[in-house]
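One structure is given below, encoded as C-alpha cells.
The values are calculated or read from the model by the stated rules, or taken from the named source; none is laboratory data. The structure displayed is predicted, hence computed values, not measured ones. In this analysis, Cβ positions are derived from the backbone assuming ideal geometry, glycine residues included, and neighbour counts consider all displayed protein chains.
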Amino acid sequence: MSIVNAYILVGAILFAIGLVGFLSRRNLILMFLSTEIMFQGVILNLVGFGIRHLDLKGQTFALFLIVIAAVEAGLALGLVVLLFRRQGTLDAEDWQRMKG
Amino acid sequence: MTLSFSEFGLLQVAPLIPLLPLIAAAVIGVFGTRVLKSASHWVAIVGVGGALVCSAVLFHAVRQLSPEQYTAIYRLYSWISPLPGVWFDVNFRIDPLTGVMLLTVCGVALLVTIYSRDYMREHGHPERGYERYFAFIALFVFSMCTLVLAGNFLLLFLGWELVGLCSYLLIGFYYGKPAAAAAAKKAFIVNRIGDFGFSLGVLAIYYWVSPFVQPGQSALDYTVVFANVSNLTQGQCTTIALLLFAGAVGKSAQIPLYVWLPDAMEGPSPVSALIHAATMVTAGVYMVVRCGAIFVASPLAMSVVAAIGAVTALFAATIALAQYDMKRILAYSTISQLGYMFLGVGALAADSAVFHLFTHAFFKALLFLGAGSVMHAMGGIIDVRRFSGLRRILPWTCATFVIGALALAGFPFFSGFFSKDEIIHAAFERHALFGVLAMVTALLTAFYTFRMVFLAFWGEQRVPEGVHAHESGPWMLVPLVLLAVGAIGAGYVGVSLHAGGFAGFIEPHGVFHEFLAPVTAPFHAAVSSSVHSEVAPTAEHAGGHTLMYVSAVISIVGIAFAWWMYARRRDVAARVAENWPEVHSLIHNKYYIDEFNDVTVVQPLWRTGLAAFGADRIAVDGMLALITAVPRGLGGLFRTLQDGMMQSYGVTMTASLLLIVLIVLLVG
Amino acid sequence: MTAAALYGLYIVLAVLAGGVYLALPAERPLVRRVWQAGLIVGAAGLVGLAWWIGAGFEGRVFFVMFALLAIAGAVGVVTHRRPVYSAVFLVLVVLAVSGLCILAAAEFLAAALVIVYGGAILVTYIFVIMLAQQGGEASYDRRSHEPLAAVIMGFALMAATTQAMVATDPIALHAIEARHVALAGADAEDADARAAESVADTAASPSGTAEPGNVRKVGAVLARDYMIAVQVAGLLMLVAMVGAIAIARKKIDPEDLTEHEVAQLEAAAKAEPPGRFVEPFARVTREHR
C-alpha cells in the first residue's frame, strides 16, 4: 500500500469518526468539536494528495483550510452562545420545534 | 297563411299579450316588497287588464280575417339553432281558437286578480306574501298566454312547463303549512309524469316530421307539422297522439294523473278558480284541439281520449258525492267536467268541447270564488259540516253561487246546459255507451252540486265558534256578479235563435261554432267520413231535440233529489251513510287511490332514492376517503423522518451522499 | 490494493465501527463498556494499520504511531462523556496530525496546525465549555442520539469513499495516474519512490541546507501564486470576527422579558453595585449600554 493511500485512509478514518461524533453527540459544543476532527481528516487527505503530486498545492490548500476552520469555529461558538442563552442548556434535543 | 308585416295591422298587439303580465310580474317582483307593498295588486291589475284589452283587440282583428286565411303567424325572433339548418322561432299562431282562449284566460284572470285584492287581506291588512302572490298571478297569466299563443311545439312546451311551475308556486303559497307544501310537490311531480310523455311526443314529432321538412321551415311549427300529417303512418300518428295525450292527462287531471288536483285546493281560492278551473287545466283540452290533425288521423287515439274522458267524468262525480270540503267537491267536479271536454273531443265534437271549456270557465270560476267568499266569511273553514244556512248572512254570495251551481248542473237556459248537452249528443253519436255514461254523470253532477248548495246555504243558521260572518266587500262581489252574468249569458253565443228548436227558439251551434269552424275542420272532416254520422255536422239535430229535453229533465231531477235529501229531510243522508258504511267510506276516501299510489309508486321510489343515497355515501365517499387516505398515510409515514433533531437530518444527508457515492462507484 | 486486502480493510473498519459504537455514551454499565471499547478499538487499529503498511518506507514506525494516536484521540473526543476531556483529546489529535504532516515534509503546516488549532481554536473551545458547563457531566452528555444510525452511516460512507479512493480497478487507476504524470512531467512508477525519498530526505537532513526549507518554499508560493487568496482569507477573517461579535452581542429586547424577569432585572440593578461578578451566559442578563 502506497504512502498516499495510507494518508488517505487515515484521513478517511478521522473524517468518519468525526462524522459519527457529529451525528450522535447531544452537546452542541461537542458537535462542533467533532467537525474539527473532520477538518483534521481533510487536512491529512490534502497532504496525501500533495505527496502524490509532489508540489505544494496540497499544503497550501490545507493552510487556507485552517483559516476556514478557525473562522468557522469562531462563528459556531458565537451561535452556540446565542442558543445557550435562549434555552439555558447546551442540549441539542431541546431544539425540536420543527418536529413533525 | 303567413301575413306580411304591413298586413298585420291590429294583430301586432299579439306580443303585448304575454309581455304586459310579464312586465307586471317583474315589476312586482323587484319593487313589490319594498316600494309597492299593499299597492301591488294595481300593477297586476294593470298588467292583466292590458293583456285583456289587447286580447279583445286581437279578437276583433281575427274576426276580420277571411275564412280562407284564418291563421296569422307572427314571428317574433329566431330562438334556438342547435344545428346548422335547424332552428326554432318564437312565433305566435293567431287564429280563432287562440282568440277565444285568450279572451277566456285574460278575462277570468282579470276578475280573479280584482277578487284577490280583498281575498288576500285579513280585516283590510294584506296577508304575508301579498306581493309574491300578485307577482305569481301575473307570471301565470304570461305563461298561459304564451302557451295559447305558441306557434310551434317548443314554445308550447315552454308555456306548458311554465304554467306547471306557476301552479306549483301558487299551490304552495302558504309554504309554511306542510299540507300545502306537500300538495305543491305532488302537483308538480304528477304533472312531470305527464310532461315526460308530452316531451317524448314532441321529440317523436320532430323525429318523424323532419325528413319531410323543406329548407326554410322549422320542423316543430304547427303549420309544418299539420301539413305533413298525411306523410306519417298511422302508427306514428297514434304514437304521437297518445304521447301528447299523456301530457294532457297530467295537466288536465284525468285518470290516472288526476290525484294532484284535489290536493291543490290547499292554495288560495282565487288560485283554484284561475288555475284549476278555468285556465291551466284546460290547457290539455286546448292542446288536443289544436293538434286535431294528428289526433284525427288516429282513430285509436280518439277512442282512448273519449274513453278516458268518459270514465274520468263518472269516476270523479262519484267521489264528489261523499266529500264535505266545498273546494274538494268543486275540484272533483272540475275533473269530471274536464272529462266531459275530452269526451267531446274524442267524439269528434271539438267545437262543443271548446264551447264547454268556455262556459265552464265562467261558472266554475264563479263557484270557486264563491267558495272563497264563504271561506273568507267563515274564517278559513270550508267544511260544510261546520256551518249551514248561510243564505241570509251572505246573500250576494249565495245568489251568485246558486247561479253558478245551476249552470254547472245543466239547468235549462243556463250556459252549462247548452254546452253539456252538445257533448252528450256527440257522445251518443260516437257510441251509445258513452252517451249513457255522460247522462249518468250529468245526473250525479246535478245531485252533488246542489247537495253542496243546500248543505251550505240552506237549513238552520249556524256558524263555527267565534266567527263573525259578514258579506264580502265590493272587490270580491263585483267579480262574482260579473261571472254570474257570464254563467248565464255565455251560453247564448253558442246557440242560434231559430224557430222550431228547443223550447221553441233555440238551436244548438251558434256563432261560437261558426267562428271556430276553420280550426276544428279536421274533426268535421272525420265526422263526415265516419259511418256513425248520418247528418251533416252543422245541420240541425233532426231527432236531437229529444236529447235536449232529456238532459233538461235529468238536471231537474238531480236538483230535486238533492233538495229532498238535504234541504227537506236531512236525516236521510245520515241514515244512508249508516246503512252502507263501507260504500260511504270508500267513496269518502276517494277509493283509496292515493294510498294505492303511495304503496306502488312512491314508496319504491323513496326506497330507491335511499339506496342510491347510501350507495353514494358508501361507495363514492368511501372511495374518496380511500384515495385521500393514501397521501395522508404516506405523509404520516414521511413525517416520522422529521423529528426536529438536526442530527437526524444529518444522518439522512449522509445516507443520501452514500447512495450517490455507491451509484458512482457501481455505475459510473 | 488486492481484493483480499480490501476485504480485510472492510473487516477492520467494521470492528472499529463496533468499537466506536460501544464507546459512545449510553446508559450502560461502566466496566463492560470500557473493556470492550478499549480492547476492540486498540486491537483493530493496531492490527489493521500495521499490516497494510507492507511496502515499507523509512519512518514507517513513526507513521503508524502518529496514525494510531490520531485515531485513538479522535475516538476519545467523540466518545468521552466529559466535554473538557474531549477538548483535550482533540489537542492530542492535532498533535498527531501535525506529526504526520512533518513526516510528509509539510513542516510549516505542522507548525501552523499546532499554533492555530492547539493554541487558539481549542483554547476558545475550552473557554466556552468551561463557562457554559461548569459542572463536569451533564445529562445530555450521558446519552447519545441514535448512536447506531450514526455509526453505520459514518463507517459505511467511509468504506465507500475508501473503496473509491483505493479502487482495485487497475486500468482506471493507471489512467488517472498517467494523466497526472503527463501533467506533472514525471514518471508514474517513480512517483512513490521519489515520495519516499523526499520523506526520507526530510527525516534525515537537518534544517538550513542549500535547498530552501519548507517554510520558505510555502511562503514563496503563497506570496507569488496565491496572493489574492491570502488577501481574501484575511478579509474573511475580518468579516467573521465582526460577525461573531454581532451575533454574540448581548442585546435584549425589553418586550421579550416577562414581568418576572423585568422585576428581577430591577431588583438586580438596585441590589448589586456595578463591578461585581455577574454570572455570564445566564438566562437573564443586564443590558449593557
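Of note:
- Filter pass, A:F49 being part of a helix (DSSP H, G or I), more than 7 Å from every other protein chain (Cβ to nearest Cβ) and under 16 Å from the mean Cα position of the chain (by Cα): no
- Counting the residues of the stretch B:196-211 that are over 27 Å from the mean Cα position of the chain (by Cα) and surrounded by 16 or more Cβ atoms within 10 Å (Cβ to Cβ) gives 2.
- Of all residues in the stretch B:141-158, those that are touching a residue at least 24 places away in the same chain (Cβ under 8 Å) have Cβ atoms under 9 Å from Cβ atoms of residues that are basic (K, R) and outside any helix (DSSP H, G or I), 6 or more apart or on another chain, in B:L149/B:R93; B:A150/B:R93; B:G151/B:R75; B:G151/B:R93; B:N152/B:R93.
- Within the stretch B:357-395, the set of residues being in contact with a Phe, Trp or Tyr (Cβ under 6 Å, 6 or more places away or on another chain) and within 30 Å of B:S529 (Cβ to Cβ) is empty.
- Looking across the stretch C:100-117, just one residue is within 9 Å of another protein chain (Cβ to nearest Cβ) and either in contact with a His (Cβ under 8 Å, 6 or more places away or on another chain) or of a type in the set (V, I, T) (or both), and that is C:V116.
- Residues considered: C:I129, C:I121. Of these, the only one that is at pLDDT 90 or above and either part of a helix (DSSP H, G or I) or at the interface with another protein chain (Cβ under 7 Å from one of its Cβ atoms) (or both) is C:I121.
- Of the residues making up the stretch A:4-42, those that are in contact with a Gly (Cβ under 8 Å, 6 or more places away or on another chain), over 21 Å from C:L13 (Cβ atoms) and at the interface with chain C (Cβ under 7 Å from one of its Cβ atoms) are A:L30, A:L33, A:E36.
For every residue, the table says whether it meets (1) in contact with a Leu (Cβ under 9 Å, 6 or more places away or on another chain); (2) assigned to a helix (DSSP H, G or I).
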| site | (1), (2) |
| --- | --- |
| B:G29 | yes, yes |
| B:G32 | no, yes |
| B:G50 | yes, yes |
| B:H60 | yes, yes |
| B:F88 | yes, no |
| B:L97 | yes, yes |
| B:G107 | yes, yes |
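- Residue ID - farthest from C:P147 (Cα to Cα), chosen from residues in the stretch C:69-79 that are more than 9 Å from every other protein chain (Cβ to nearest Cβ) and touching a residue at least 24 places away in the same chain (Cβ under 8 Å): C:L69
- Residue within the stretch B:635-648 that is assigned to a helix (DSSP H, G or I), small (G, A, S), free of Cβ contacts under 8 Å to residues at least 40 places away in the same chain and exposed (fewer than 14 other Cβ atoms within 10 Å of the Cβ) present: yes
- Matching residues in the stretch B:501-534 - criterion: being part of a loop (DSSP other than H, G, I, E, B) and either modelled with pLDDT of 80 or more or farther than 29 Å from B:L65 by Cβ (or both): B:A503, B:G504, B:F505, B:A517, B:P518, B:V519, B:T520, B:S530, B:V531, B:H532, B:E534
- Residues that are surrounded by fewer than 17 Cβ atoms within 10 Å (Cβ to Cβ) and either within 11 Å of chain A (Cβ to nearest Cβ) or hydrophobic (A, V, I, L, M, F, W, C) (or both) were ranked within the stretch C:9-22; the one that is nearest to the chain's Cα centre (by Cα) is C:A14.
- Taken together, the residues in the stretch B:51-76 that are surrounded by fewer than 19 Cβ atoms within 10 Å (Cβ to Cβ) and among the polar types (S, T, N, Q) amount to 3.
- Candidate set from the stretch A:53-68 (those that are assigned to a helix (DSSP H, G or I) and more than 7 Å from every other protein chain (Cβ to nearest Cβ)); member that is nearest to C:L235 (Cα to Cα): A:I68
- Within the stretch B:472-500, the set of residues being touching a residue at least 24 places away in the same chain (Cβ under 8 Å), surrounded by 16 or more Cβ atoms within 10 Å (Cβ to Cβ) and outside any helix (DSSP H, G or I) comprises B:S472, B:G494, B:V495.
- Enumeration of residues in the stretch A:41-81 that are among the basic types (K, R) and either modelled with pLDDT of 95 or more or under 25 Å from C:L69 (Cβ atoms) (or both): A:R52
- Residue, farthest from the other protein chains (Cβ to nearest Cβ), within the stretch A:76-100, restricted to residues that are in a helix (DSSP H, G or I) and surrounded by 18 or more Cβ atoms within 10 Å (Cβ to Cβ): A:A76
- All conditions but one from (1) under 17 Å from B:G159 (Cα atoms); (2) surrounded by fewer than 12 Cβ atoms within 10 Å (Cβ to Cβ) apply to B:W79; the one that does not is (2).
- Qualifying helices (runs of 4 or more DSSP H) (wholly inside the stretch B:172-285; at least 2 residues being farther than 21 Å from B:F157 by Cβ): B:178-209, B:234-251, B:260-263, B:269-273
- Filter pass, C:A195 being at pLDDT 55 or above, assigned to a helix (DSSP H, G or I), of a type in the set (G, A, S) and surrounded by 15 or more Cβ atoms within 10 Å (Cβ to Cβ): yes
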